[in-house]
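Below is one structure, written out as structure tokens; comments come after it.
The values are calculated or read from the model by the stated rules, or taken from the named source; none is laboratory data. These numbers were taken from a predicted model, which means no experiment stands behind them. Neighbour counts run over all protein chains shown; Cβ positions are idealised from the backbone, glycine included. In case anyone asks, the SASA skips ligands and DNA or RNA and just uses the protein heavy atoms, side chains included. Shrake-Rupley method; radii C 1.70, N 1.55, O 1.52, S 1.80 Å.
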Amino acid sequence: MNKRSCPLLALFVSVCLGPAARAQTAAPAPVATPVVIQIDASKIAAPVSPMLYGLMTEEINYSYEGGLYGELVRNRTFQGKEGTPDFWSLVQDADGAGAMALDPSQSLNATLPSSLKLEITAAAPKQRVGIANPGFWGIPVRPDTSYRVSFYAKAAPGFSGTLTVSIESNDGATVQASAQVSGLTAEWQHYTVALTTGKVATSAANQLVIAAQSPGTVWFNVVSLFPPTWNDRPNGNRRDLMQLLVDMKPAFLRFPGGNYLQGHTLATRFDWKKTLGDIAQRPGHRNDAWNYWSTDGLGLLEFLLWCEDMNAQPVLGVFAGFTLRGVPTPPGPELQPFVQEALEEIEYVTGDTNTTWGARRAQDGHPAPFKLTYVEIGNEDFFDRTAGTYDGRFAQFFDAIKAKYPTLKVIATTAVKSRTPDVVDDHFYTRAAQVFQSDASHYDDTDRKGPKIFVGEYATRIGSPTPNMNAALGDAAYLIGMERNADVVIMSAYAPLFTNVNSGAMQWPTDLIGYDALTSYGSPSYYVQKMFSHNRGDVVLAGHAEGIATREWQPPTPRGGQEAPPPKQVPTLFYGATRDTQTGTVYLKLVNAVNTPQTVRVELKGVAAVEPDGLAIVLSSASPTDTNSITEPTKIVPVTTKVTGLGTSFTQTLVPNSVTVLQLQTR
Ligand code: AHR
């Protein structure tokens, strides 16, 4: 389950089951004697960190390119494939004739190596010749919508024609919107036009075409097409995906990775300085961690604006000298340039405009500094086993950051001895819901005097491209355990966040949110995240349960010829209670992990009264294998109903395969 070994697992299971657990070997029948859950509102077990629920992101599964980042043109700068303008095609209508090729002799600038040369040898009205781009698995077109096209172009002497820029259906039968550009010269110029659709049908099978009806030679670069973006930001984000994220009310965004931060080599890490400023000055890079090209159009400032747009704090991952395939940079003078780079990156995020990098941020369009509390040193440095350099690397970063920014909290990606990190980032992925369900007490015995914990990546990986209800039941049980320990587990984030669901787009099956060019949806695990984040509370209340049934589960046999592990008894029901001390609302979270209803008797001590009416927010499905998808995006969504008859003691039946949040108004 965990990338690290989990020697305490046996202990966790016995703690989790406790003396009150009853063993069941098959799927349990409805429990005749209700489970009794006692909550004592006078006993605050822990404060809940306001940062508990956040997001983790990286460029994986076409998360930005062909995903959140609004750009609709694929390969706008003609990079990524040596010698070929990948994803571009030549349009030759009727007797029109021409050729298209990369031309390194006519580069736009020193950053972008080649332009695209279009040589039109024969063209006339209705016999156009041009270039076409299919977008990322289509170009989404909606009625009455304005798209912004921009590109650099220049022409060889002799071309005095007009370029027609259009979004049209792939078969060319329907022109969705078009505009004309004229006046090309022998010098590069930047052209911008709006393409506004009328009452067209919503569709994705479209391409962008730039064509002429007269002979000549034209060069292009940075050919870009943007739909309306979230908050109308230029170079901004796709609206539907932002809406899904904002709806989660995330407290933070951890970026830029993940493996994407590291890359396979120093040349392919996330090199933040190359992601700033005019998109025509960004070289982009091969995202070899996930094997596709990144324009870096969504660069450091865009990550920060994305945080701002969600009212979330950045959790900044800085490159720490360790790539996925290279030799780790040893601590000492060789590492120092990366430490310096991290200090400058922090200055870019937080510095006044009278600092070098704060001034650069202002020049990039954002004079106000961003709030930053957490900086993470690297990613998954427990993989640096052979050289074992992380202790030293972490110390060098930690000392430099604390010296310059004493209030910043520094996160380690694995346990270190050289320094005491403020926070350690734990990652857990599992392919069985029962793993998280049997380990839901993982943090119950964590040393409260040690570093805080950030569960920076976790997921029950059942379902592709997005998790099914069974996975959501695993995640919810684990989250209940994190929330119960929210004094030490101060942050958590599901990973990965996004996947484009088109064939060939996904590198990592089981992702929180899926989308194609036109539509998007949240998985059942997405709704679990949202329910927990919206119903957080600020203190954990002490609780005790009796009568929780268990079911037997056979853990998989580890690879390598080892013996099958013994079966485990896994609880079928999970609970946790928090309270908002301002409003008095108690949030009782309940997970019924099995296919049958379960009845719970809730007894609430330490409050004067409970209002008879409350709310139940329930996520459930008839079968644990049910899921949401691009064609059934809302098959499983939380349903909110009024509940009556509440009091300091009441009974509630939990439907099969369900996650419930009960909102109880207490006095
Ligand atoms: O979330 C996918 C990958 O899992 C991340 O890039 C990495 O940090 C982890 O191994």
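Figures for the structure shown
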quantity	calculated
Matching option when the condition is open to solvent by less than 40 Å² (accessible area, probe 1.4 Å) and either within 16 Å of the ligand (Cβ to nearest atom) or farther than 16 Å from residue 61 by Cα (or both), among 266, 253	253
Extreme residue, nearest to the ligand (Cβ to nearest atom), among residues of the range 57-100 that are touching a Ser or Thr at 6+ places or on another chain (Cβ under 9 Å) and part of a strand (DSSP E or B)	69
Index of the failed condition, residue 246 passing every other in (1) open to solvent by 10 Å² or more (accessible area, probe 1.4 Å); (2) of a type in the set (Val, Ile, Thr); (3) touching a strand residue (DSSP E or B) at 6+ places or on another chain (Cβ under 7 Å)	(3)
Criterion (away from the ligand (no atom under 16 Å from the Cβ), among the β-branched types (Val, Ile, Thr), free of Cβ contacts under 8 Å to residues at least 40 places away in the same chain and open to solvent by less than 30 Å² (accessible area, probe 1.4 Å)) met by exactly one of 185, 275, 197	275
Exclusive hit being of a type in the set (Gly, Ala, Ser) and not in a loop (DSSP other than H, G, I, E, B), set 186, 177	177
Pick from the range 223-243, criterion closer than 15 Å to residue 55 by Cβ and open to solvent by less than 30 Å² (accessible area, probe 1.4 Å), ranking: nearest to the ligand (Cβ to nearest atom)	241
Lone qualifier among 476, 493 - being within 16 Å of the ligand (Cβ to nearest atom), at pLDDT 95 or above and touching a strand residue (DSSP E or B) at 6+ places or on another chain (Cβ under 6 Å)	493
The range 66-89: number of residues that are of a type in the set (S, T, N, Q) and either surrounded by fewer than 20 Cβ atoms within 10 Å (Cβ to Cβ) or out of contact with any strand residue (DSSP E or B) (no Cβ under 9 Å at 6 or more places or on another chain) (or both)	2
Of all residues making up the range 384-406, the number that are touching a residue at least 12 places away in the same chain (Cβ under 8 Å) and either farther than 14 Å from residue 343 by Cα or not charged (D, E, K, R) (or both)	15
Residue count for the range 508-529, restricted to those that are open to solvent by 20 Å² or more (accessible area, probe 1.4 Å) and within 19 Å of residue 589 (Cβ to Cβ)	1
Qualifying residue in the range 133-153 (condition: of a type in the set (D, E, K, R), assigned to a loop (DSSP other than H, G, I, E, B) and over 35 Å from the mean Cα position of the chain (by Cα))	no
Sole residue being in a loop (DSSP other than H, G, I, E, B) and more than 21 Å from residue 99 (Cα to Cα), chosen from 198, 158	198
Filter pass, residue 219 being more than 16 Å from the ligand (Cβ to nearest atom), more than 25 Å from residue 169 (Cα to Cα) and among the aromatic types (Phe, Trp, Tyr)	no
Some residue of the range 308-318 being touching a residue at least 60 places away in the same chain (Cβ under 8 Å), of a type in the set (A, V, I, L, M) and in contact with a Phe, Trp or Tyr (Cβ under 6 Å, 6 or more places away or on another chain)	yes
Residue in the range 496-507 that is hydrophobic (A, V, I, L, M, F, W, C) and open to solvent by 10 Å² or more (accessible area, probe 1.4 Å) present	yes
Residue identified as small (Gly, Ala, Ser), touching a residue at least 40 places away in the same chain (Cβ under 8 Å) and surrounded by fewer than 16 Cβ atoms within 10 Å (Cβ to Cβ) among 99, 124	124
